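Asks: Before I ask anything, here is the structure I am working with.
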Amino acid sequence: MLGDSAITLVAGETGGLVYRGYDINELVPRATYEGIVALLLDGAAPSRDPPERLADELRRRRALTPSEASLADAVPLGLPPLEAMRSLVSLLGGPAWAYPPTRDQGLELVAKTPTLLARYVRRSMGRSVVPDRPELGHAAHYLYHLTGEVPTASHARALEQYLVMLADHGMNASTFALRIVLSTQSDLISGAVAAIGALKGPAHGGAPSRVSDMLDGVGRPENAEAWVASALARKERLYGFGHRAYKTEDPRAVLLKQIAHRIADPDRLAVAEAVERAGVAALRKKNPEGRLFLNVEFYGAVVLEAVGLPRELFTPTFAVARTAGWGAHALEQAADNRLIRPDVRYTGPGPGLSWPGPVR
């Protein structure tokens, strides 16, 4: 047990997810992402309309200063977006970000991360950077900065709901990495860079694009059963299935499937549902005692495809969502800080070995 947290309850046995006492099933249909930022950072009760003061703060902070834009544009073009994001976020750091972290720093991280990422992506594509649109909410503004077009209300809301349910997830690998860094009395930006590094791996946040690759490989619903059987025979992983925390359905996967039914291409959705059925059945047959269900990444990939994001932006968008949780955990860690230094069980040879050569 690492310690105590009042931010998020992940109830793995029952399939529950709760932010500061509010169930994710109540939040996703009603809350804005700005409202979730207020809930996680400030403990403010969520509402259908974003807290106006906090929304104004995010709008004001998401524009880059000339020096920030100049630094961001110095990052070499053509990097994978997540690796570029890691460098771009690191460039925010400086003396003003010294320990301990502050609420304002948390808001700055939330506001500027999508702007930095979208600016880099557009420049890498040879497209001009678009001006800010202050009237757009956080999710819509992110899509607009990426595409250069104001998104439809349905796409903006679908992405916002994705950001809401990915905003935090307890002591996951990236959040743990961030809290370790903060426990050394380092700064929030250093912790966020460590968190992005942890999120890169396919065992944590790097799998949504691989779900899309898997669906491409299946092609048609009638191919799903044979494709799954062949993949398992080769001992390949079925991406989007299983979660270390959940022994039943991941509540985010259930919600994302509902969103996919509203906005996804029907043919793509049919393939996904066929793979879901074939995968769950095959895994249950292989291990009747196992409790493997879909995780957030399976229908998360379908939803992110539907709102128009290329798959190389799936994990960076996961990180955009998680900045709210990272900021909240940084503040909580610093409020009662102790150095996190896990112990390990030594399995090497015992003491008493002789030096193999003459002493010099």
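No lab work stands behind these numbers, since they all come straight from the coordinates. Source: prediction; values computed, not measured. Using ideal geometry, Cβ is built from the backbone for each residue, glycine included, and neighbour counts are taken over all protein chains shown.
Asks: If you rank Glu57, Glu249 by fewest surrounding Cβ atoms within 10 Å, what's the result?
Replies: By the 10 Å Cβ count, ascending: Glu249, Glu57.
Asks: Continuing with this model, one more query. Among 194-202, 331-339, how do they line up by average Cβ neighbours within 10 Å per residue, starting with the highest?
Replies: Listed from highest to lowest mean packing, they are 194-202, 331-339.
Asks: Follow-up. Pull out the extension gain between Ala229 and Thr14, defined as 0.36 nm times the separation in residues minus the alpha carbon to alpha carbon distance; nm, one decimal. Intermediate results must be reported in sequence, preceding the final value.
Replies: Working: separation 215, 0.36 × 215 = 77.40 nm, distance 2.91 nm.
Value of the extension gain: 74.5 nm.
Asks: I'd like the distance between the alpha-carbon centres of region 6-35 and region 256-329, rounded to an integer number of Å.
Replies: The distance from the Cα centre of region 6-35 to that of region 256-329 comes to 18 Å.
Asks: Taking amide H positions as placed in the peptide plane 1.01 Å from N, state which residues far from Leu294 in sequence (5 or more) or on other chains have amide H under 5 Å from it.
Replies: Those qualifying (amide H under 5 Å, at least 5 residues apart or on another chain) are Gly242, Asp250.
Asks: Simple spin-label model, 7 Å along Cα-to-Cβ: Ala96 to Val254 in nm?
Replies: 4.4 nm
Asks: Report the one residue of Leu269, Leu283, Ser209 whose Cα lies farthest in the direction of the positive end of the charge dipole of region 208-306 (charges on C-beta: Lys and Arg +1, Asp and Glu -1; origin at the Cα centre).
Replies: Leu283
Asks: Measuring from label point to label point, each 7 Å out along Cα→Cβ, what is the Glu26 to Leu79 span in nm?
Replies: Simple spin-label model gives 4.2 nm for this pair.
Asks: Spin-label point model (7 Å from Cα, Cβ direction): what's the Asp265 to Thr184 distance in nm?
Replies: 4.6 nm
Asks: Excluding same-chain residues fewer than 8 positions from Lys257, which lysines have a Cα within less than 27 Å of its Cα?
Replies: Once the sequence-local lysines are set aside, what remains near Lys257 is Lys200, Lys235, Lys247, Lys285, Lys286.
Asks: Taking other Cβ within 10 Å of each residue's Cβ, how do Trp355, Trp227, Trp97, Trp326 sort, fewest first?
Replies: So the ranking, lowest neighbour count to highest, is Trp355, Trp97, Trp227, Trp326.
Asks: Over all pairs of distinct alpha carbons, what does the Kirkwood formula give as the hydrodynamic radius of region 23-77, in Å?
Replies: Answer for region 23-77: a Kirkwood hydrodynamic radius of 13.0 Å.
Asks: Just the C-alpha atoms of region 111-180: what Rg/Rh do they give, with Rh taken as the Kirkwood radius?
Replies: 1.05
Asks: From the helices alone, meaning DSSP H stretches of at least four residues, give me the mean residue ellipticity at 222 nm for the chain, per-run term -39500 (n - 2.57), in deg cm²/dmol to the nearest 500. Please report the intermediate quantities before stating the final value.
Replies: On the way: 16 runs with 203 residues, N = 360.
Counting only the DSSP helices, I get -18000 deg cm²/dmol.
Asks: For Gly15, list long-range residues whose amide hydrogen, built 1.01 Å from N in the peptide plane, is under 5 Å from its own amide hydrogen.
Replies: Distant-sequence amide H within range of Gly15: Lys247, Thr248.
Asks: Kindly put Arg252, Arg133 in sequence by how many other C-beta atoms sit within 10 Å of each C-beta, fewest to most.
Replies: Working: Arg252 27, Arg133 12.
By the 10 Å Cβ count, ascending: Arg133, Arg252.
Asks: Separate question: Can you list the residues of region 279-305 with backbone N under 20 Å from a point 7 Å past the Cα of Lys247, pointing along Cα to Cβ?
Replies: 283-296
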